[in-house]
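To start, the structure under review is shown below, and the notes come after it.
Every number in this text was worked out from the coordinates using simple rules, so none of it is lab data. Not measured: the values here are computed from a predicted model. Every residue, glycine among them, receives a Cβ derived from its backbone with ideal geometry; neighbour counts consider all protein chains shown.
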């Protein structure tokens, strides 16, 4: 598959977060992920709410806007790679994030999750050695399954996701 053309600095898919108090979320992301806001994209609406902003996190663009009155809470679910999961979690937690999944080995990657103070769920990965999914329990005609005797790590990752999703938004300011 050929990658569709996108403007410089954008990927094929770019997340857009609609939130309460977008300016506070921007500050949170600047501190946790060293995000850099693009000042020329910062656009306030006539009601004073943030209509559009763009942040660079690594090589990705994340767009953020304020939720309008009457709009429902729409949590974003985002995956991000970092160089140091422990440092990222410590910073996020110090700024009000709730740790959902403690750092756990996940097929050679280190995976953690946190809910930010605005009700968004972040999958935070630290890249490690490439490891293939365990396919010993499969045949050529079947795929690996979560039902095939999951490890304690996979069980923990699974269970914390279920709990985290059930409680999403309950940790918001």
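Under Stokes-Einstein, with the Kirkwood radius over Cα pairs as Rh, the value for the range 1-55 at 4 °C and 1.567 mPa s is 101 µm²/s.
Rounded to the nearest 500, the 222 nm mean residue ellipticity of the chain from helices alone is -6500 deg cm²/dmol, with -39,500 (n - 2.57) taken per DSSP H run of at least 4 residues.
If you restrict to DSSP beta bridges whose two residues both lie in the chain, what percentage is antiparallel, to the nearest 5? Restricted to the chain, the bridges split so that about 70 percent are antiparallel. Compared with the alpha-carbon gap, the fully stretched path from residue 31 to residue 8 is longer by 5.8 nm at 0.36 nm per residue.
Taking the longest Cα principal axis of the chain as reference, the axis of helix 22-33 is set at about 40 degrees. Estimated at 0.36 nm per residue, the fully extended path between residue 71 and residue 166 surpasses their Cα-Cα distance by 32.2 nm.
Projecting label points 7 angstrom from Cα along Cα→Cβ for residue 109 and residue 94 puts them 2.6 nm apart. By other beta-carbon atoms within 10 Å, ranking 155, 12 with the fewest at the front produces 12, 155. Kirkwood Rh and Cα-based Rg: tell me the resulting Rg over Rh for the range 47-106, rounded to two decimals. Looking at the range 47-106, the ratio lands at 1.03. Residue exposure proxy: 122, 71, ordered by other Cβ atoms within 10 angstrom of their Cβ from fewest to most, comes out as 71, 122. With the gyration tensor restricted to C-alpha atoms of the range 7-130, the semi-axes of the equivalent ellipsoid amount to 26, 17, 12 Å, longest first. Spin-label model, residue 79 to residue 127: label points 7 Å out along the Cα-to-beta-carbon direction sit 1.3 nm apart. Among beta bridges from DSSP that stay inside the range 1-72, the antiparallel ones total about 70%.
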